[in-house]
Amino acid sequence: MVSSRHLGITVAVICLLAVAACSRRDKPLLPPQPAPVADAAPPAVDGPPPAPPRGVERLEDRQPVAAADEGIASRSLDELNRDSPLRPAFFLLDSSDLDDTGRSVVTSNVEVLKKYPQWVITIEGHCDERGTAEYNLALGERRAAAVKTYMVSLGIAESRLRTVSYGKEFPFDQGHSDDAWSKNRRAHFVITAK
């Protein structure tokens with residue numbers, strides 16, 4: 001007899017495989033990950049919003065899209081996603097709330113989408129490697145949904161936005177440190193139609 005836990009894990013794995021098979025872009029094959037560590041309690045958040053993770057472009061360092069590439073509308077989907085004008089929004093540990101920095105990044109992405117009203121995007125919710133697969137899939141979905149809701153509130157039609165959660169399956173940084181984990185807790189934007 002199959003336990004409900006095993007059934008839940010099986011369903012989650014099948015869903016992940018189905019989502020990956022339907023994805024419009026190739027995902028890298030990942031090496032086996034170490035056993036997950038339970039999430040620690042979220043850090044206390046007092047004072048100004050945290051700086052973006054090291055190695056992540058700061059919003060104020062970005063060139064305006066029009067100045068950076070006048071021919072952006074003529075680029076293929078692969079080219080657009082390889083050097084995307086849409087930047088990821090990062091989250092605090094165990095959170096699906098957009099902080100001030102995250103809202104600023106998403107607002108900037110909305111301005112790009114308003115310039116290209118034919119674009120349809122997928123908002124991918126990602127997590128760090130800690131926690132169970134099921135927990136991270138649910139957290140990734142909440143992150144993607146929070147970004148979608150905020151984008152709709154800023155005037156982007158809901159029909160242009162899709163969401164998917166990859167949980168901890170596609171880390172941006174393969175490391176096992178706070179710095180790597182902060183880069184992996186993100187909403188990533190993929191242009192899926194133009």
*Dmax and Rg, reported as Rg then Dmax, of the range 92-194 (C-alpha, Å)*: 13.5, 39
*Express the relative contact order of the range 87-168 as a whole percentage, based on alpha carbon pairs under 8 Å and six or more residues apart in sequence.*
36
*Using θ = phi - 60° and the Karplus relation 6.51 cos²θ - 1.76 cosθ + 1.60, list the HN-Hα couplings for the range 148-165 in order, rounded to whole Hz, with x at every Gly or Pro.*
4, 4, 5, 5, 5, 5, 8, x, 8, 5, 4, 5, 8, 10, 10, 10, 8, 10
*asked:* Under the rule of at least 5 residues apart or a separate chain, name every residue whose amide H is placed under 5 Å from the amide H of residue 163.
replied: 123
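Every number in this text was worked out from the coordinates using simple rules, so none of it is lab data. Only a predicted model underlies this, so the values are computations on that prediction, with no experimental measurement involved.
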